Amino acid sequence: MRSKVLCLLASALFLPSLASAAPILAPVFTDHAVLQRGQPIRVWGGAMPGASVSVMLGEAETTATTDAQGRWSATFPARQPGAALSLTAKTVGDSQTISDLLVGDVWLCSGQSNMEYPLRRSLDSDTELSHATDPDIRLLQTGRTSLPAPTTTLPKEAVWRVASPEAAANFSAACFFMGRELRKTTHAPIGLIDASWGGSIIQDWISGEGLHALGNYDEGLAVLADYARSKEAGMARWGAMLDRWAAKVEPQAAGWASPNLDDSAWATMPAENFWEVNPGLETFDGTIWLRATLTLTAKQAAQAAKGGATLALGPVDDIDTTFINGRQIGSQEGWNAPREYHIAPGMLKAGANLIAVRAIDTSGGGGAWGPAAQKGLKFDDGSFAPLGGTWRYKISTSMAQSGPPPHAPWLGASGLSTLRNGMIAPLAPYGLKGFVWYQGEANVSEPAEYARTLPALIADWRRAFGGPDLPFLIVQLADFGPRYAQPRESGWAGVRDVQRRVAAADPQVGLASAVDIGDIHDIHPANKQEVGRRLALQARRLAYGDTSLVAAGPAPLSVLIQGGAVTVRLDQRAVVQAGAHPNGFELCDASACRFVDATLSGDQVSLPIPAGLAPVKARYGWADSPIVNLYGLTGLPATPFELAIAAR
């Protein structure tokens, strides 16, 4: 009996219950799937440990045996496009068949909200949707899944669908338009996988092994591992990380949780709404301490002493650490997650009880928002002691002074590896033609770290899908945000330059710039058709061998001082649109940058050196929303850049 139980537990990954047989094929294999042409076709799944599995793809047949965990895999010879196929997997007493499979090219599209941006919101969406029917384009959306450990499963609704207005409406517009363009030139079936999550940071898309190799994520990964084993243990360990960070960045706040602190001079704010509605806090991001006094009757205190009370604070944007009478009761992250903390016996008393909250807002709205009437102590008998309508508060430190806090690593979009675990791991090692990546907006505060994490992501995904040279296409961030008359630092420009440098360093990485097709007022520009077209150009060059194709605009090859000017040599001839001279060129000395009047001649841009300036680097398009008018002969924009000036 014991051995039988162990076998059932080992196969639970693929056999969630004994009431109905689980699929033998991995969940990425469904009706209407596209299998990658021109390479061995890998098929895998699960069954009882030690079982023999017979697998048929069309007329081809092979066998496999499951391992001790109930996993099996098989490989079929490479195929070319042809008639639709069926795929069958059989074990003793069980069988699964999927049908209408095509052989063609499969692209995995991923990133944050501009990749997630659906076709139904793109330019001229009604017309685009009416023309979205193509039986040779197949679509798979993974949905949003964040997990502290890798999974092999997908949501039940994550199935391959034939392209139609209904199937395409909520599918990634950029990915769909790229696939549609490729159909025009390859004439092969196209499979598109949309695995995207708005607002996500790149660190959440890299495996734990990939992050570990970078060397500075080990503590967060250890917290995540604790959380995977025990939610309480993980939260406690992350809370300790947060406390150590706070001790470094706000030493002046020591004692601000104490009930003995005299806070009579602190300012006050309503106990609802984001704190930005209060005068003086309109643009504040950082740490503010909130304090309130809650008075309990003797009966309420006696009930709380039995462990029958919960403190409800409503949502706190973004991170809170909460104290009662000077003792910490918990920390949590999530701008819209209501905070509810169970109160241990002995923490509350009859009379005045001091509630203190260290609230950290990383961006946007901040503070303990939500209806004031819902904040207070909830007792097990259904009674409620309201916290009141006012917080006393004091600013501790701004985000610019403190830097970002350690995020809870299990949170989807802002964590470590959780999207890789939930949305990419179930797909591997599905056969692919390549990857498409549209992300970076969530990492504009850390271009230097992005220069480490972007190559790590590329290497991590190539390993997972068995292709060390698989093409990887990157959308260079679109313009967004205010424009300025004078040069200034820009995290957006910094990330764009990282994307440029990563593409320049890897012959199988292609850059599709969107720097000229954004919207300074909307971080989600609607012109995804042009994004898709530019991605398809890079795909044709890298994945389909069209080396004669010009797939990108001008990029810098060298920056030299020649006489009284700096010469930027480009990799192709360029033209100026909407003006006589190129806009957006800067020369920088050790302390400042200045705009200069550039002139273009073929593939060279000349930048006169202003009097008194000893330039050490040159920049182009270095802004959140640069005004660019330098293009290649094919109409693609020159890439923004920053380069050190080499002496001639």
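The values are calculated or read from the model by the stated rules, or taken from the named source; none is laboratory data. Note that this is a predicted model, so its numbers are computed, not measured. Reconstructed Cβ throughout: ideal geometry from the backbone, glycine too, with neighbour counts over all protein chains shown.
When each of Ala64, Ala51, Ala83, Ala60 is tested for being more than 35 Å from the chain's Cα centre (by Cα) and within 30 Å of Arg540 (Cα to Cα), the lone residue that passes is Ala83.
Only one entry of Ala451, Ala425 meets the criterion of being within 14 Å of Val502 (Cβ to Cβ) and either among the charged types (D, E, K, R) or surrounded by fewer than 22 Cβ atoms within 10 Å (Cβ to Cβ) (or both), and that entry is Ala451. Give me a count of the residues in segment 504-543 that are outside any loop (DSSP other than H, G, I, E, B), over 20 Å from Arg183 (Cα atoms) and within 20 Å of the chain's Cα centre (by Cα). Number satisfying all stated conditions: 4. Of all residues in segment 145-159, those that are among the acidic types (Asp, Glu) have Cβ atoms under 8 Å from Cβ atoms of residues that are assigned to a loop (DSSP other than H, G, I, E, B) and surrounded by fewer than 17 Cβ atoms within 10 Å (Cβ to Cβ), 6 or more apart or on another chain, in Glu157/Gly143.
Checked against the criteria, Val223 does not count as β-branched (Val, Ile, Thr), under 30 Å from Thr127 (Cα atoms) and surrounded by 16 or more Cβ atoms within 10 Å (Cβ to Cβ). Taken over segment 160-175, the criterion of being free of Cβ contacts under 8 Å to residues at least 40 places away in the same chain and assigned to a loop (DSSP other than H, G, I, E, B) is satisfied by Ser164 alone. The residue of segment 482-518 that is nearest to Val550 (Cα to Cα), among those that are in contact with a Phe, Trp or Tyr (Cβ under 7 Å, 6 or more places away or on another chain) and small (Gly, Ala, Ser), is Gly518.
No other residue among Gly314, Gly308, Gly234 is under 21 Å from Ala373 (Cα atoms) and surrounded by 20 or more Cβ atoms within 10 Å (Cβ to Cβ) apart from Gly314.
Looking only at segment 472-488, which residues are crowded, with 23+ Cβ neighbours inside 10 Å and either farther than 19 Å from Val509 by Cβ or not β-branched (Val, Ile, Thr) (or both)? Across segment 472-488, the qualifying residues are Phe472, Leu473, Gln476, Leu477, Ala478, Asp479.
Has segment 333-343 got any residue that is of a type in the set (Ser, Thr, Tyr) and in contact (Cβ under 8 Å) with a residue 60 or more places away in the chain?
no
Across segment 129-145, the number of residues qualifying as hydroxyl-bearing (Ser, Thr, Tyr) and exposed (fewer than 15 other Cβ atoms within 10 Å of the Cβ) comes to 2. Pairing residues of segment 194-217 that are assigned to a helix (DSSP H, G or I) with residues that are among the basic types (Lys, Arg), at Cβ distances under 6 Å and at least 6 apart in sequence or on separate chains, gives Trp205/Arg420; Leu214/Arg452. Scanning segment 165-207 for residues that are among the charged types (D, E, K, R) and out of contact with any Ser or Thr (no Cβ under 8 Å at 6 or more places or on another chain) turns up Glu166, Arg180, Glu181, Arg183, Lys184. The residue of segment 575-630 that is surrounded by the fewest Cβ atoms within 10 Å (Cβ to Cβ), among those that are under 37 Å from the mean Cα position of the chain (by Cα) and β-branched (Val, Ile, Thr), is Val616.
Residue-wise test of (1) assigned to a helix (DSSP H, G or I); (2) small (Gly, Ala, Ser); (3) touching a Gly at 6+ places or on another chain (Cβ under 7 Å).
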position	(1), (2), (3)
Ser264	no, yes, no
Asn273	no, no, no
Thr283	no, no, no
Arg291	no, no, no
Ala302	yes, yes, no
Gly307	no, yes, no
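Among the residues that make up segment 131-144, is at least one of them among the acidic types (Asp, Glu) and farther than 20 Å from Leu457 by Cα? Yes, segment 131-144 contains at least one residue that is among the acidic types (Asp, Glu) and farther than 20 Å from Leu457 by Cα.
Selection of segment 349-390 for residues being part of a strand (DSSP E or B) and of a type in the set (A, V, I, L, M, F, W, C) yields Ala352, Leu354, Ile355, Ala356, Val357, Ala359, Ile360, Ala368, Leu377, Phe379, Phe384, Ala385.
When Gly412 is tested against (1) assigned to a helix (DSSP H, G or I); (2) of a type outside the set (D, E, K, R); (3) under 14 Å from the mean Cα position of the chain (by Cα), only condition (1) is not met.
Results for (1) surrounded by 21 or more Cβ atoms within 10 Å (Cβ to Cβ); (2) assigned by TED's automatic domain parsing to the domain that holds Arg452; (3) free of Cβ contacts under 8 Å to residues at least 60 places away in the same chain, shown as yes or no for each residue.
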| position | (1), (2), (3) |
| --- | --- |
| Val498 | yes, yes, yes |
| Val509 | yes, yes, yes |
| Ile517 | no, yes, yes |
| His521 | no, yes, yes |
| Arg534 | yes, yes, no |
| Arg541 | no, yes, yes |
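Looking at segment 553-648, the strands (runs of 3 or more DSSP E) lying wholly inside it that each contain 1 or more residues that are of a type in the set (Phe, Trp, Tyr) sit at 585-588, 593-595, 617-620, 630-632, 641-644. Selection within segment 348-404: residues that are among the hydroxyl-bearing types (Ser, Thr, Tyr) and buried (at least 18 other Cβ atoms within 10 Å of the Cβ). The member of this set that is nearest to Arg244 (Cα to Cα) is Ser402.
If I filter segment 391-403 for residues that are in a loop (DSSP other than H, G, I, E, B) and either aliphatic (A, V, I, L, M) or on the phi < 0 side of the Ramachandran plot (or both), do I get at least one hit? Looking for residues that are in a loop (DSSP other than H, G, I, E, B) and either aliphatic (A, V, I, L, M) or on the phi < 0 side of the Ramachandran plot (or both), one finds none in segment 391-403, hence no. Scanning for something out of contact with any helix residue (DSSP H, G or I) (no Cβ under 8 Å at 6 or more places or on another chain), over 25 Å from Asp243 (Cβ atoms) and not acidic (Asp, Glu), does segment 333-345 turn up at least one residue? No: segment 333-345 contains no residue that is out of contact with any helix residue (DSSP H, G or I) (no Cβ under 8 Å at 6 or more places or on another chain), over 25 Å from Asp243 (Cβ atoms) and not acidic (Asp, Glu).
Among the residues of segment 146-166, those identified as surrounded by 21 or more Cβ atoms within 10 Å (Cβ to Cβ) and more than 23 Å from Ser417 (Cβ to Cβ) are Trp160, Ala163.
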